[in-house]
Structures are given as C-alpha cells and as structure tokens.
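Derivation of every value follows stated rules applied to the coordinates shown; laboratory data play no part. None of these values were measured; they are calculated from a predicted model. Glycine also receives a Cβ, built like all others from the backbone with ideal geometry; neighbour counts cover every protein chain displayed.
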Amino acid sequence: MNALDRDAQRALLSYDHQLCAALYTASRLMQRAYRPTLDALGLTYPQYLVMLVLWDAHHAGHVPPSVSELGERLRLDSGTLTPLLKRLTERGLVERQRSDADERRVHVALTTDGLALESDAVQVPMGMLCRLADVSGDMADLMPRLRRLIDALEA
C-alpha cells in the first residue's frame, strides 16, 4: 500500500468527514434546543413526536392510528413506543383503545387534554423557527434530502 492509499484511507476515517457523526451531533443538539420549551409542556422530545403524529391524524380526519402504525411512522420499535404511550396515557393526553374489528390492534387516540395541548405546542416550532432563522433557507433544502437519506437507509 503506497502513501497515497494510506492518506486516502485516513481521509475516509476522519471524524470531520463522517456524515453519521454530524447527524448524531445535530440530533443531540436539536433535542437539547427543544428541551426548555417541551419541559414547559411536560413532554419529552419523543413524546412530542408522538403527539405531532396524533395531531396530524386528528386534523386529517383519520381513524386514530394503531400502535404499530405509530411505530412505523415514527420508526420506533414497540419496546420504545410502549413506555412513551404509557406515560402519555398516565398524563391523560392519549387513550389506548382495542379495535372492535381485531382485538390484537390497539389504537391511540387523543383525549380532550391531548387535543387542547396542541394550542400550547405551537410555540415549539415557532421558537425553533426564530432560533434558526439564519439557516431557515438551508433547512428547507435539507428536509427532502434527509427524507431521501432515510429512505435509502431503510432500503
């Protein structure tokens, strides 16, 4: 192996060239940025994501999603999702209902309190838009690219 080959290999292993490291850091920092606003709502970041999906389904007029549909949408396994839903249920924000058609399916519906929380939750993305105003154009370009990346990684 010549010096150029070693240099090329070394460049491949440079921390600064690792997309995975940049995404991991961005994810951690994004969750940290959300924390103060979410704490005021009494939600963790993953609980907030669950609520977003449920609010979307409610406003689209869809039947409340099943636990498995929520897991697919959020890309969370049941071992992660079940405790989240349990805490949201204990808080009175959601309720789990067995399907009449198939008792194995459990649907997750917003309660009155869960639906009411949405009006307070609007401050979450508004705060992030203000905080990230300098890069908002970049973020608009980033979303479709991230979705393509997610699709490629799932394939």
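Ranking Leu142, Cys130, Leu29 by Cα position along the charge dipole of the chain, where only Lys, Arg, Asp and Glu carry charges on their C-beta atoms, puts Leu29 farthest toward the positive end. Distance between the 7 Å Cα→Cβ label points at Ala116 and Asp7: 6.7 nm. Note on the chain: GNM, Cα springs under 10 Å; of Asp56, Asp113, Asp134, the largest mean-square fluctuation is that of Asp134. Length gained on full extension, Ala26 to Arg104: 24.3 nm, using 0.36 nm per residue less the C-alpha separation. Karplus-derived 3J(HN,Hα) values for the range 5-14, using 6.51 cos²θ - 1.76 cosθ + 1.60 with θ = phi - 60°, are 4, 5, 5, 5, 5, 4, 4, 4, 9, 5 Hz; glycine and proline are entered as x. In the chain, the calculated helix contribution to ellipticity at 222 nm averages -22000 deg cm²/dmol per residue, counting -39,500 (n - 2.57) for every DSSP H run with n ≥ 4.
For the chain, the Cβ-based charge dipole about the Cα centre amounts to some 340 debye (Lys, Arg positive; Asp, Glu negative; other atoms uncharged). With respect to the chain, whose longest principal axis is taken over its alpha-carbon atoms, helix 78-90 is tilted by about 40°.
Spacing of the modelled spin labels on Ala133 and Tyr45, each 7 Å from Cα toward Cβ, amounts to 2.4 nm.
Model label sites at Gln97 and Asp56, defined 7 Å from Cα along the beta-carbon direction, differ in position by 2.2 nm. When the Gaussian network model of the chain links Cα atoms closer than 10 Å, the mean-square fluctuations of His107, His17, His62 top out at His17.
Here the residues Glu154, Glu95, ranked from fewest to most Cβ neighbours within 10 Å of their Cβ, fall in the order Glu154, Glu95.
Over the chain, what is the relative contact order in percent, taking alpha-carbon pairs closer than 8 angstrom and at least six residues apart? Rounded, it is 18 percent for the chain.
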